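Before any comments, here is the structure.
The values are calculated or read from the model by the stated rules, or taken from the named source; none is laboratory data. Keep in mind that what you see is a predicted model, and the values were worked out from it rather than measured. Counting neighbours? That spans all protein chains shown, and the Cβs are built from the backbone with ideal geometry, glycine included.
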Amino acid sequence: MILRANPEFASELVCIIPYAYWLHKEGKLEKVITSTGMKSFYYFCDDVEEQYKFRTLDNLNSGLEEVPNNWVHHNAEAVTGKDYSELTEEEQNNMNGVLDYRKWSPPPYKDYYQTNEFNHLKPYIVVNNNYNIEYGKPISKSLRFFDMKTLYDIFNYLTNSGYIVIYKRPNNTEFAPDHNEIETLNRNISLTATVEMNSLQGIITDYELCEYYDDVIDMNKMKEKYPQYTYNEFQLKLFSSADGFVTTNGGGGILCSCFKKPVVMYVPHGKELRKNYITNKNSYLNKLSENNIHTVLDPGDVNDYSKVIKKVKEVFRGDNK
């Protein structure tokens, strides 16, 4: 079978790649046609063509219509025989985040990409951030990110607790972007704050904040030291040796859930706020690997980052000094 994959990153990770790996194990996968930079995610396929330079938000033309799970948030019809709207509230709660797993098998990325190349950094936590326009709304309306003060607090706690921090926030040039990422790039939007901290004064970016610490590493700069790897191959190797993750929800958060390690996931926006979505044992987020997701739900129009800091302290207790 030939698979075509050009949806949002989250949908490809959850709906298409596990189906591709299931086909591979059944001896039925012939070829994958995917987006630029995605070949490493299909390491199990001998014929991967990186054809698409951009991702589409149109699910009907993304390849999702060809796979058993064509929507990332649930597959009520396949599992229950009823449309989601026909279910009772309790039944909907039990279906949130649940897919049809009969032809769904996540690749064992941690096992395949495990390496000792980053052992000199251990223990390290990956802090995965996101700062993009969403649904065409002004960036001021975005909620799904860690602001500079929160990053400062997370960095301080983790480094004082004996961890190295790897900070990841893609600048949207590393991979095939979707419409929201393209718009963010075109508007030259960056995450900044005014600070007064010794060597750092004035308006700085989150990347510049990393420079203030000896034990915080900007993943983008780190990648420059590993030119032998593509961006995705590098992060798959790096994440496979991480001791845990702090992340927002979305595609980046889903990726963090693939490596059998604790994940603090901050959810201020999205379908993941639905009841049981993440805590449901049958949710795809809990089936991607033997992970342990610690959820921080933050509904509303204003971010309450204090919940994130509290959860980070609960999960990563700092026994490394």
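Please work out if residue 253 is free of Cβ contacts under 8 Å to residues at least 24 places away in the same chain, in contact with a Ser or Thr (Cβ under 8 Å, 6 or more places away or on another chain) and small (Gly, Ala, Ser).
Numbers: free of Cβ contacts under 8 Å to residues at least 24 places away in the same chain: no; in contact with a Ser or Thr (Cβ under 8 Å, 6 or more places away or on another chain): yes; small (Gly, Ala, Ser): yes.
No; evaluated as a whole, the condition is false for this residue.
With respect to residue 217, is the statement that it is under 14 Å from residue 166 (Cβ atoms), of a type in the set (Val, Ile, Thr) and assigned to a strand (DSSP E or B) true? First the steps, then the outcome.
Details: under 14 Å from residue 166 (Cβ atoms): yes; of a type in the set (Val, Ile, Thr): yes; assigned to a strand (DSSP E or B): yes.
In short, yes.
Suppose we filter 297, 255 for residues that are farther than 24 Å from residue 149 by Cα and not aromatic (Phe, Trp, Tyr); which single one remains?
Working: 297 fails: farther than 24 Å from residue 149 by Cα.
Every option except 255 fails the conditions.
Any residue at all in region 141-151 that's at pLDDT 95 or above, under 19 Å from residue 304 (Cβ atoms), part of a helix (DSSP H, G or I) and touching a strand residue (DSSP E or B) at 6+ places or on another chain (Cβ under 6 Å)?
Looking through region 141-151, at least one residue is at pLDDT 95 or above, under 19 Å from residue 304 (Cβ atoms), part of a helix (DSSP H, G or I) and touching a strand residue (DSSP E or B) at 6+ places or on another chain (Cβ under 6 Å).
Applying the selection to region 310-321, what residues are surrounded by fewer than 18 Cβ atoms within 10 Å (Cβ to Cβ), touching a residue at least 24 places away in the same chain (Cβ under 8 Å) and either on the phi < 0 side of the Ramachandran plot or of a type in the set (A, V, I, L, M, F, W, C) (or both)?
Within region 310-321, the first condition is being surrounded by fewer than 18 Cβ atoms within 10 Å (Cβ to Cβ), and the residues that meet it are 310-311, 313-315, 317-321.
Add one more test, that the residue is touching a residue at least 24 places away in the same chain (Cβ under 8 Å), and what stays is 311, 313, 315, 317-321.
311, 313, 315, 317, 319, 320, 321 - these are the residues of region 310-321 that are surrounded by fewer than 18 Cβ atoms within 10 Å (Cβ to Cβ), touching a residue at least 24 places away in the same chain (Cβ under 8 Å) and either on the phi < 0 side of the Ramachandran plot or of a type in the set (A, V, I, L, M, F, W, C) (or both).
Can you confirm whether residue 144 is in contact (Cβ under 8 Å) with a residue 12 or more places away in the chain and under 16 Å from residue 17 (Cα atoms)? Write out each step before concluding.
Values: in contact (Cβ under 8 Å) with a residue 12 or more places away in the chain: yes; under 16 Å from residue 17 (Cα atoms): no.
Here the answer is no, as residue 144 does not meet what is asked.
So which pairs qualify, if the first residue must be in region 53-65 and assigned by TED's automatic domain parsing to the domain that holds residue 15, the second must be surrounded by fewer than 12 Cβ atoms within 10 Å (Cβ to Cβ) and not aromatic (Phe, Trp, Tyr), the Cβ gap must be under 8 Å, and the two must be at least 6 apart or on different chains?
59/65
Restricting attention to region 230-272, report how many residues are farther than 17 Å from residue 164 by Cβ and not in a loop (DSSP other than H, G, I, E, B). Before you say what the answer is, go through the steps one by one.
Filtering region 230-272 for residues farther than 17 Å from residue 164 by Cβ gives 230-233, 236, 248-255, 257-258, 260, 263, 265-272.
Okay, now just the ones that are also not in a loop (DSSP other than H, G, I, E, B), so 231-233, 236, 248, 251-255, 263, 265-267, 271-272.
Number satisfying all stated conditions: 16.
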